[in-house]
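One structure is given here, and the rest of the page talks about it.
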């Protein structure tokens, strides 16, 4: 009858990490314990084996000289956009109020789309010189990384990993948001803590998935996620009754609410599940282009603070106020420093508007959303929008 024999060698060696080099082999003796299993019995024996080991000398050198960091040259994106004559902007096609493609007209509109137009007005002098590439939560970052678009403005949350590991730079926040939860009005749910065992619709490829998991874990309740590929699939799943709740940024919930089969039959709970600062982003390596996008955003903030709107901008030309002169390009070289015309902010406000114009046109009281400014008001009105001065 055959016997099964298992041999396990436990060898204890002191090993060093060697970068390079050689040396003469040195014979060392190592005690090895063999455990031999024979027909269910264990026999332990200690033997001495000869092991040949190469011993080398390792030298560690401390380098104190600082190495300079080389950044990619600025201005390449600006030159490409101006040579092309069109700004390629990544946006959304399925979030009314922020980024929406009208199926009848084939035109994009929304808060984020207006910031695409503002950049085109500053860089090309024509707010309509844009090509919007609709992106999903999963496709948006590769589309920007590949260079297919010049800037991404698609309700995208500013996070550490996106700002660093993914190779992007964010411009100033254009919309301060927070993740929320929508439920049916007759569900009896008044708080997320009431949703133990619920199924929740959530879009893939977004911070929403992780936020949902973290929030539910903190509450100590269980749930089942139903993940949709995009906003439409996620909304449709909720609308069909497949989920007890629908979660995304509150701004997104407001815009999706009007697209449900029975908008009056749903409510958005008061709780904020996260902090979601949303804004434009560009690729690492082109500081000048990110500066341009950033100062276009600041232009809209400063316009509102100074009372300069799309309707009255021409009346401010020739002002004696240095702050107004700088914003409208009648003094200083703020545009030239970016590679633009000094009146780039005038073009932004006259063609697209200041921040209040953009907000009210897309989200304000005369829209189906009637979304209060809240945190997105100027700091002078109790919000957190704090314009950086043109100086």
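Quick note: the coordinates plus some simple rules give every number you see, no bench work behind them. Every value quoted in this text rests on a predicted model; they were computed, and no experiment measured them. Using ideal geometry, Cβ is built from the backbone for each residue, glycine included, and neighbour counts are taken over all protein chains shown.
Points worth noting:
- Computed over the alpha-carbon atoms, region 313-370 gives an Rg to Rh ratio of 1.11, Rh here being the Kirkwood radius from the mean inverse distance.
- Bins of 5 Å from zero: percent of alpha-carbon pairs in region 131-240: 2, 9, 18, 20, 18, 13, 10, 6, 3, 0
- Whole-number Å³ per residue for the convex hull built on Cα positions in region 179-274: 81 Å³
- When you work out D = kT/(6 pi eta Rh) for region 212-349 at 4 °C and 1.567 mPa s, using the Kirkwood radius from C-alpha pairs as Rh and the Stokes-Einstein form, the result is 68 µm²/s.
- Where a label projected 7 Å from the Cα of residue 341 along Cα→Cβ would reach, residues of region 106-146 with amide N under 18 Å: 117-130
- Residue order, fewest to most beta carbons within 10 Å, for 159, 247: 159, 247
- Cα centroids of region 277-306 and region 86-155: 15 Å apart.
- Rounded if a/c under 1.5, otherwise prolate or oblate - region 139-202, Cα gyration tensor axes: prolate
- Semi-axes of the equivalent ellipsoid of region 218-283 are 21, 17, 14 Å, computed as sqrt(5λ) over the eigenvalues of the C-alpha gyration tensor in descending order.
- For the peptides 165-171, 347-353, 197-203, the ranking by mean Cβ contacts within 10 Å, running from highest to lowest, is 347-353, 197-203, 165-171.
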